[in-house]
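Accompanying notes for the structure given below.
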Amino acid sequence: MKKKLVIIFGIILAVSAVLFLTIKPTTEFNEQEFEQNIKEITSNTKIIDANENHNQAIDVAEYAYSKNIYPGKILINFDTHSDAFINWNVLNHETEISNWINEYFAKFPEVEELYWVMPKEEALNLNLRLLFADNDYKNLENNPVLYGNSLKKLNLLKFIFTPLTKQAYTQEFLIDPDTGMMNELVSNEDYKKLKIPFDTSNTKLKKIKIITCTEETLPDFDGKEVFLSIDADYISNSGFDTAANFINKKNKKEAKLALFNMIKTIKDKNIRPQVINLTLSPQYLPEELHQTVIDFFDKIFEVSKKSDALNSYKRQIDPYRVKEYERFLKNQILYFLE
């Protein structure tokens, strides 16, 4: 039995390596192409905002609506995190950076789809593939963060051998616009079996789609109105408070190339948003890359000839999360001093 497991694990690692090597992003940074791509992407853009915390994307959307600018039915979010919760009355609490997607779906009735674009390094990580393919039904009472499959049973091996870099994963959910509570769309009988107090006969419930993908499996959006949101931790992640402590650290050159490739993908996929949200997420982005990302934001404003839309925000980061981050940094310092 042990020998079989070792062989299976070895095959998985070999396939992972092949998949990783077959993805060949651009390895040279071309400033002229970078600027031209930004110019094309922002050709239809009316509002751009750069902010610190990702829940401030809601402030940006509210501002757009106040100006009679409607972001569209589709939200595209480049992010290491899903920023969504399952089975939780999110709106009964203050919207956080970890659950702003719930409020976005609940608050803006025309929004129907979320494309969560995760980094390929995250999509190809074996531990995270197993976590993504697992389901949350045993943990629903604890209101888990959405990470991949929530209720349905998946063929684990099929999912491992067909990662998100090869095929996007689509789920349908129901969300209560009064509470922001979201659960995967299954039958009433399934909800009863799982002992979830989620009444699907509630006429207020809104059906939504979440498509989890990578740049490789992001579809074409030609002619579609979208709200584009970019979280800088998509480029490089410190590992603070992320799934399975996932860390994806890049040096400045690698980060700059990742930004270049992301912008090229957005241009090639014909994403022409009316509204763009740019979030620094300083707790999740390695400190040495903060200026690199700020320079990137500035370049978008410069090329698009747009000004930063908002100067102040209603939504801030939870002080508890700040304390957790400070504790994380302290432990990191102690670790390196030992």
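Key figures for this structure:
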| quantity | calculated |
| --- | --- |
| Residue in the range 67-77 that is farthest from the chain's Cα centre (by Cα), counting only those that are buried (at least 23 other Cβ atoms within 10 Å of the Cβ) and outside any loop (DSSP other than H, G, I, E, B) | 75 |
| Qualifying positions in the range 38-59 - under 14 Å from residue 296 (Cα atoms), of a type in the set (Val, Ile, Thr) and in contact with a Leu (Cβ under 9 Å, 6 or more places away or on another chain) | 48 |
| Residue match in the range 207-227 (condition: assigned to a strand (DSSP E or B), aromatic (Phe, Trp, Tyr) and more than 18 Å from residue 86 (Cα to Cα)) | yes |
| For residue 277: the one exception among (1) free of Cβ contacts under 8 Å to residues at least 40 places away in the same chain; (2) of a type outside the set (A, V, I, L, M); (3) part of a strand (DSSP E or B) | (1) |
| The range 234-261, residues that are under 14 Å from the mean Cα position of the chain (by Cα), of a type in the set (A, V, I, L, M) and closer than 14 Å to residue 290 by Cα | 235 |
| Boolean, residue 48 is aliphatic (A, V, I, L, M), outside any helix (DSSP H, G or I), at pLDDT 85 or above and under 30 Å from residue 127 (Cα atoms) | no |
| Test set (1) at pLDDT below 95; (2) within 16 Å of residue 172 (Cα to Cα) - residue 101 fails condition number | (1) |
| Test: residue in the range 250-264 that is on the phi < 0 side of the Ramachandran plot and either in a loop (DSSP other than H, G, I, E, B) or at pLDDT below 95 (or both) | yes |
| Residues being free of Cβ contacts under 8 Å to residues at least 24 places away in the same chain and in a helix (DSSP H, G or I) - total across the range 312-327 | 5 |
| Residue list for the range 17-30, restricted to those being at pLDDT 50 or above and surrounded by 10 or more Cβ atoms within 10 Å (Cβ to Cβ) | 25, 26, 29, 30 |
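Residue-wise test of (1) modelled with pLDDT under 80; (2) among the acidic types (Asp, Glu).
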residue: 125; (1), (2): no, no
residue: 133; (1), (2): no, no
residue: 136; (1), (2): yes, yes
residue: 141; (1), (2): yes, yes
residue: 144; (1), (2): no, no
residue: 159; (1), (2): yes, no
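The values are calculated or read from the model by the stated rules, or taken from the named source; none is laboratory data. Note that the coordinates shown come from a computational prediction; the quantities given were computed from them, not determined experimentally. Don't worry about glycine lacking a Cβ; one is built from the backbone with ideal geometry, like all the others, and counts go over all protein chains shown.
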